[in-house]
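The values are calculated or read from the model by the stated rules, or taken from the named source; none is laboratory data. Keep in mind the model is a prediction, meaning the values are calculated, not measured. Quick reminder, even Gly has a Cβ in these numbers, built from the backbone with ideal geometry, and neighbours come from all protein chains shown. Heavy atoms of the whole protein, side chains included, go into the accessibility calculation; ligands, DNA and RNA do not. Shrake-Rupley method; radii C 1.70, N 1.55, O 1.52, S 1.80 Å.
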Amino acid sequence: GAGVSQSPSNKVTEKGKDVELRCDPISGHTALYWYRQSLGQGLEFLIYFQGNSAPDKSGLPSDRFSAERTGGSVSTLTIQRTQQEDSAVYLCASSFGRGPYEQYFGPGTRLTVT
Amino acid sequence: GQQVMQIPQYQHVQEGEDFTTYCNSSTTLSNIQWYKQRPGGHPVFLIQLVKSGEVKKQKRLTFQFGEAKKNSSLHITATQTTDVGTYFCAGEGAGSYQLTFGKGTKLSVIP
């Protein structure tokens with residue numbers, strides 16, 4: 001595709017429900033990143049994939065958060081038993097590979113937990 | 001862990017004035033990148049600096065990487081309303097998998 005796509009663009013869920021956020025990276029990009037951005041704040045790193053492997057999961061805030069990537073392409077970020085503090089914009093980015101490559105960001109998924 | 005501090009957090013300028021944002025890392029960086037996020041948008045890559053003391057220019061924007069590769073700056077000359085947004089620096093530490101983003105500087109330009 002032309003760029004990184006994410007779905008859904010907006011998600012409103014009730015506290016305690018599980019949500020899945022999807023990211024389609026740019027074709028051929030082996031590195032994929034998930035970030036969280038709270039209102040007016042910077043980007044909080046969540047997880048990094050190289051291919052289907054996640055060598056760095058250090059940013060996942062709790063065991064309610066998990067992510068996977070299949071076929072070296074699509075990635076899914078799952079949040080179980082959502083809490084109100086999970087409300088944020090979840091951004092996905094991809095890059096050509098590990099190293100000094102620019103990251104291309106998707107439009108994000110705005111998650112609101114009520 | 002690696003920390004990247006960015007100042008100021010906010011900057012309001014009159015159109016035509018200059019603007020500078022500064023970025024400091026707690027550790028030596030292998031490279032630093034700058035991104036711009038327009039209101040309601042997502043971060044967009046501006047530039048990458050790799051070499052110690054490197055200076056790069058993009059029209060009215062000047063980017064510098066410090067000699068010790070621990071700090072960087074972005075300077076905009078004669079700001080325009082199209083410059084409005086949040087500017088983030090992001091540093092990659094040696095052997096690291098990830099970019100550590102600063103909290104950003106939100107620029108407002110008063111016409």
Tell me which of these A:V19 doesn't satisfy, since it passes every other one: (1) farther than 23 Å from B:T86 by Cβ; (2) open to solvent by 30 Å² or more (accessible area, probe 1.4 Å).
(2)
Subset of segment B:59-95 [within 14 Å of chain A (Cβ to nearest Cβ) and open to solvent by 30 Å² or more (accessible area, probe 1.4 Å)]
B:K69, B:A94, B:G95
If you go through segment A:52-63, how many residues are surrounded by 15 or more Cβ atoms within 10 Å (Cβ to Cβ) and more than 10 Å from chain B (Cβ to nearest Cβ)?
1
So B:R60 ticks every box in (1) in contact with a Leu (Cβ under 7 Å, 6 or more places away or on another chain); (2) more than 23 Å from A:Y33 (Cβ to Cβ) but one. Which box is left unticked?
(1)
I'm told A:G40 meets every condition in (1) more than 12 Å from chain B (Cβ to nearest Cβ); (2) without any contact (Cβ under 8 Å) to a residue 24 or more places away in the chain; (3) surrounded by fewer than 13 Cβ atoms within 10 Å (Cβ to Cβ) except one. Can you identify the failing condition by its number?
(1)
For A:T30, only one of the following conditions fails: (1) more than 25 Å from A:E102 (Cα to Cα); (2) β-branched (V, I, T); (3) open to solvent by 40 Å² or more (accessible area, probe 1.4 Å). What is its number?
(1)
Looking only at segment B:39-58, and only at residues there that are farther than 16 Å from B:G102 by Cα and touching a strand residue (DSSP E or B) at 6+ places or on another chain (Cβ under 6 Å), the one that is nearest to the other protein chains (Cβ to nearest Cβ)
B:V50
Tabulated pairs, segment A:83-94, first open to solvent by less than 30 Å² (accessible area, probe 1.4 Å), second of a type in the set (V, I, T) and in a loop (DSSP other than H, G, I, E, B), C-beta under 7 angstrom, 6+ apart or interchain:
A:C92/A:V4; A:A93/A:V4; A:S94/A:V4; A:S94/A:I26
Here the qualifying pairs (Cβ atoms under 6 Å; residues six or more apart or on different chains; first in segment B:40-57 and within 17 Å of B:C23 (Cα to Cα) and in contact (Cβ under 8 Å) with a residue 12 or more places away in the chain; second among the aliphatic types (A, V, I, L, M) and open to solvent by less than 70 Å² (accessible area, probe 1.4 Å)) come out as B:L49/B:I32
Based on what the data block shows, is A:T70 away from chain B (no Cβ under 11 Å), among the β-branched types (V, I, T), open to solvent by 40 Å² or more (accessible area, probe 1.4 Å) and closer than 16 Å to A:R22 by Cβ?
yes
